[in-house]
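For reference, the structure discussed in these notes is given below.
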Amino acid sequence: MKVLLQSDPASKTLFLATRPLPVPVPNSTEHLIRVHAAALTSGELLWMKNFPPPASETKGKELVPCYDMAGTVITAPSDSPFQPGTEVYGRTHYYRTAAGREYTICDTYELAFKPKTLSFVQAATVPMSVETAYQALFVQAPLQPVAGTGARGKRIFVTAGSGAVGMWVVQLAKWAGAEVVATGSKDRFDFVKSLGASEVLDYRTADVKKWVEAEAGRQVDVVIDCIGWQALADAWWVVKEGGTLISIFQPPEGMKPADLPTRDVKNLFFIQEPSGEHAGKVGSLIDAGGFVTALDSVWPVEKFEEAVPRMESGKARGKVVIEFVPHV
């Protein structure tokens, strides 16, 4: 089978190779998946260098990129809900060999039924982003995944509202009944508002502290930070007394402004855990209508050398997807 490999965890260079098909562990919860499409995530090619897993988890494994995938089940445990022929999507665990290959191995807990209204390419853009957004809002923050009422009366502030995760935070928070304010680039204001944000601040020019102080009631119950650094420091001014500040980029405490008045704010950093359950719940919402995905570009696996620079350019408007099974 064709497989994308990374020769060195400190390098962003990939090469295309041929390897035997992977084999699920007998009597386990592993599935063999025919990968139709797999998505690259910005920064992922340096994850192994920057966040090395335990040596016991990487022994004998090659570096394969692309943790988001959509495909078809080839073999499955007899008691799995995802029997051969089932169309699935999911995010594979960081410790496992990823999905940048024609066939991959997925565990039951990583999988969900692919939304029927999405193509394989579209579906591959969803899992990691949507699971991160879902967990930020409904696991880490004190909100409930209930349409219209789970976040009713709450104000949510999202940094990078047009980004891969931010766009799902905006959509899910709005779906749950929250009022959403987001940051983004000026040329993306209309897009972020179309997702459900009532107000969008220009991340390049807005003085967030002054914005908060200019009008009573602008502070929020929950902040979801997706990009860290100065945006995270600014977010401390936005969250109200007794509120929650969550970052998926870095621990918030380290970016707390020195002149911020003391207040009772729950703050935390978390790393998304693969969850087919969460992907499945949002997949059902996607099929019901009202949610949008973001696909920047699609590249056949043979043109992977063009896909990686696009993903790393910072100019991609959505996910960059590598296609292993061409679809017309």
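Please treat every number below as a calculation from the coordinates, not as lab data. In this text the structure is predicted, and so the values were computed from the model without any measurement. We place every Cβ from the backbone using ideal geometry, glycine too, and count neighbours over all the protein chains shown.
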Any idea what diffusion coefficient the range 1-103 gets from Stokes-Einstein, in µm²/s, Kirkwood Rh on alpha carbon pairs, 37 °C, 0.692 mPa s?
228 µm²/s
Given 0.36 nm per residue, what is the gain on full extension from LEU16 to SER185 after removing their alpha carbon distance, in nm?
57.3 nm
Using 0.36 nm per residue of separation minus the Cα-Cα distance, give me the extension gain between THR149 and ASP79 in nm, one decimal.
21.6 nm
Between helix 229-238 and the chain: long-axis angle, C-alpha atoms, 0 to 90°, nearest 10
40 degrees
Taking the Cα centre of the range 12-171 as the origin, how large is its charge dipole in debye, to the nearest 20, when only Lys and Arg (+1) and Asp and Glu (-1) carry charge on their Cβ atoms?
400 debye
What angle, in degrees between 0 and 90 and rounded to the nearest 10, separates the Cα long axis of helix 276-288 from the longest principal axis of the Cα atoms of the chain?
80 degrees
Select from the range 31-125 those GluC sites (Glu not before Pro) which occupy a DSSP coil region and have at most 15 other Cβ atoms within 10 Å, ordered by residue number.
GLU62
Any chance you could get the radius of gyration and Dmax over the Cα atoms of the range 94-133, in Å?
11.0, 30
May I ask you to list the trypsin sites (Lys or Arg not before Pro) in the range 194-277 that are in a DSSP loop and have at most 13 other Cβ atoms within 10 Å of their Cβ?
ARG204, ARG263
Loop-resident trypsin sites (Lys or Arg not before Pro) in the range 1-105 with no more than 13 other Cβ atoms inside 10 Å, DSSP not H/G/I/E/B, are LYS59, LYS61
Sketch the reach of a paramagnetic label on TYR109 as a point 7 Å from Cα along Cα-to-Cβ, and name the residues of the range 267-289 whose backbone nitrogen lies under 20 Å away.
270-283
Using the Cα centre of the chain as the reference point, and only Cβ charges (+1 on K/R, -1 on D/E), how large is the resulting charge dipole? Debye, rounded to the nearest 20.
220 debye
If r is the Cβ-Cβ distance from LYS61 to ASP259 and R0 is 51 Å, what FRET efficiency results, to the nearest 0.05?
0.60
Treating only the Cα positions of the range 130-269 as identical point scatterers, give the base-10 log of I(q)/I(0) from the Debye formula at each q in 0.10, 0.15, 0.20 Å⁻¹.
-0.27, -0.63, -1.19
Cα-based equivalent ellipsoid, the chain: semi-axes from gyration tensor eigenvalues, Å:
35, 21, 18
Measure off 7 Å from each Cα along the Cα-to-Cβ vector at GLU241 and HIS327, then give the distance between these two points in nanometres to one decimal.
5.2 nm
